[in-house]
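Participant: Pasting a structure here, questions to come.
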Protein chains: 2
Amino acid sequence: MKNKRTKLKVSAIRNGTVIDHIPAENTFRVFAMLNLENSIDHVYFGTNLESKKLGKKGIIKISNIFFKPEEISKIALVAPHATLIEIRDYDIIKKEQILLPGEIRKIVKCFNPKCVTNNQNIPTHFKIIQDYHGKMKLACRYCEKTMSMGNIEFV
Amino acid sequence: MKNKRTKLKVSAIRNGTVIDHIPAENTFRVFAMLNLENSIDHVYFGTNLESKKLGKKGIIKISNIFFKPEEISKIALVAPHATLIEIRDYDIIKKEQILLPGEIRKIVKCFNPKCVTNNQNIPTHFKIIQDYHGKMKLACRYCEKTMSMGNIEFV
């Protein structure tokens with residue numbers, strides 16, 4: 001019996017960002033949120049990959065893109081605890097777990113149509129709280145409604 | 001100076017399909033068309049990769065999925081000349097260039113709102129033709145309008 005090629009060699013990215021340990025069901029959401037379908041640079045995307053930590057995970061690699069703190073907060077909302085790795089000239093120069101910030105300003109819409117942020121030119125502002133079941137939620141600083149992470153819509 | 005890791009080893013897919021040599025600008029279109037964002041199996045996607053043949057290409061690998069002729073015709077419309085590779089137990093069992101069929105039935109909508117296929121329960125039927133500039137177009141068998149590949153909308 002001949003040897004099977006169960007591994008392949010692929011090019012590593014020279015400069016750019018890797019987002020690893022994305023919950024598999026949200027890999028595509030992160031991809032879409034970052035507008036990667038319009039990228040003109042290398043983009044790799046893998047999902048439903050085996051992960052000891054998550055069961056199934058996703059990974060995204062993007063050449064020549066480094067995210068701003070605001071974009072990292074956005075990623076945190078749909079992929080809390082993902083790993084962010086920055087690469088320069090093939091070396092890992094930064095590797096950190098993405099953590100949910102305590103507050104989110106501007107980037108998320110309030111789901112309450114009557115909220116002042118949906119009716120006047122006021123940027124949204126949420127506190128990140130944990131409900132009685134330990135689930136993370138967004139609490140609007142203006143109308144005080146809370147919404148679950150699954151209902152998030154970005155501005 | 002230490003050696004840079006310019007190559008990475010990744011797992012090959014055991015069973016499934018690879019679509020290679022997708023024109024880079026259409027990689028995401030193929031991905032979306034095949035509803036891969038809802039896949040529960042391994043999906044890999046790479047775009048804007050160097051290609052001698054195309055300049056820039058895309059590649060998609062999907063575990064445990066083998067496409068039907070109708071789905072391959074759909075892929076052909078947005079990625080003519082892509083390579084379709086079928087893998088079973090890590091072996092390539094089929095490798096072929098996807099070719100545009102001479103006719104397309106049912107899968108594409110006619111862009112002419114007055115066409116009978118948009119007003120009665122009649123499946124669409126197009127011939128694939130080449131215009132004077134060598135561009136491939138779809139000619140509706142019913143209303144005789146021609147539309148370019150960029151305007152395709154699937155049923």
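Rule-based calculations on the coordinates, nothing more; no lab input. Quantities reported herein were computed from a predicted structural model and do not represent experimental measurements. Reconstructed Cβ throughout: ideal geometry from the backbone, glycine too, with neighbour counts over all protein chains shown.
Participant: For the protein assembly as shown, state the semi-axes of the equivalent ellipsoid (square roots of 5 times the eigenvalues of the alpha-carbon gyration tensor), sorted largest first and rounded to whole angstrom.
Facilitator: 38, 29, 18
Participant: Taking the Cβ-Cβ separation of B:K53 and A:H125 as r and a Förster radius of 45 Å, what is the calculated FRET efficiency to the nearest 0.05?
Facilitator: 0.30
Participant: Another one. Take chain A, connect every pair of alpha-carbon atoms lying under 10 Å apart with a spring to form a Gaussian network, then pick out the residue of A:L84, A:L49, A:L99 with the largest mean-square fluctuation.
Facilitator: A:L49
Participant: With a 10 Å Cβ neighbour count serving as the proxy for reagent exposure, in which order, fewest first, do B:D89, A:D20, A:D131 appear?
Facilitator: Details: B:D89 8, A:D20 19, A:D131 11.
Ranked by crowding around the Cβ, least crowded first: B:D89, A:D131, A:D20.
Participant: Averaged over peptide B:38-46, how many Cβ atoms belonging to another chain are found within 10 Å of each residue's Cβ?
Facilitator: Across the residues of B:38-46, the mean count of other-chain Cβ atoms within 10 Å is 6.
Participant: Using only DSSP helix segments of four residues or longer, with each worth -39500 (n - 2.57), what per-residue ellipticity at 222 nm results for chain B after dividing by its residue count and rounding to 500?
Facilitator: Using -39500 (n - 2.57) per qualifying helix, the result is -3000 deg cm²/dmol.
Participant: I need the semi-axes of the equivalent ellipsoid of segment A:44-155: take the C-alpha gyration tensor, multiply each eigenvalue by 5, square-root it, list largest first in whole angstrom. Kindly include the intermediate steps, with their values, before the conclusion.
Facilitator: Details: eigenvalues 179, 60, 28 Å².
That gives 30, 17, 12 Å for the three semi-axes.
Participant: List the pairs from A:K61/B:K74; A:K7/B:K95; A:K56/A:K106; B:K52/B:K95 whose alpha-carbon separation is above 22 Å, in the order I gave them.
Facilitator: Values: A:K61/B:K74 28 Å; A:K7/B:K95 19 Å; A:K56/A:K106 31 Å; B:K52/B:K95 19 Å.
Correct reply: A:K61/B:K74; A:K56/A:K106.
Participant: Within segment B:50-155, which chymotrypsin sites (Phe, Trp or Tyr not before Pro) sit in a loop by DSSP and count at most 10 neighbouring Cβ atoms inside 10 Å?
Facilitator: Answer in residue order: B:Y132.
Participant: Give me a single rounded figure for B:49-56: the average over its residues of other chain Cβ atoms within 10 Å of their Cβ.
Facilitator: So the per-residue partner count for this stretch is 1.
Participant: Then there's this: Tilt of helix B:69-78 relative to the longest C-alpha principal axis of chain B, in degrees (0 to 90, nearest 10)?
Facilitator: Approximately 90 degrees, to the nearest ten.
Participant: Cα centroids of segment B:68-105 and segment B:1-34: how far apart, whole angstrom?
Facilitator: Result: 17 Å between the Cα centres.
Participant: If R0 is 30 Å, what FRET efficiency do you get for A:K94 and B:A12 from their C-beta distance, rounded to 0.05?
Facilitator: Efficiency computed from Cβ-Cβ geometry: 0.50.
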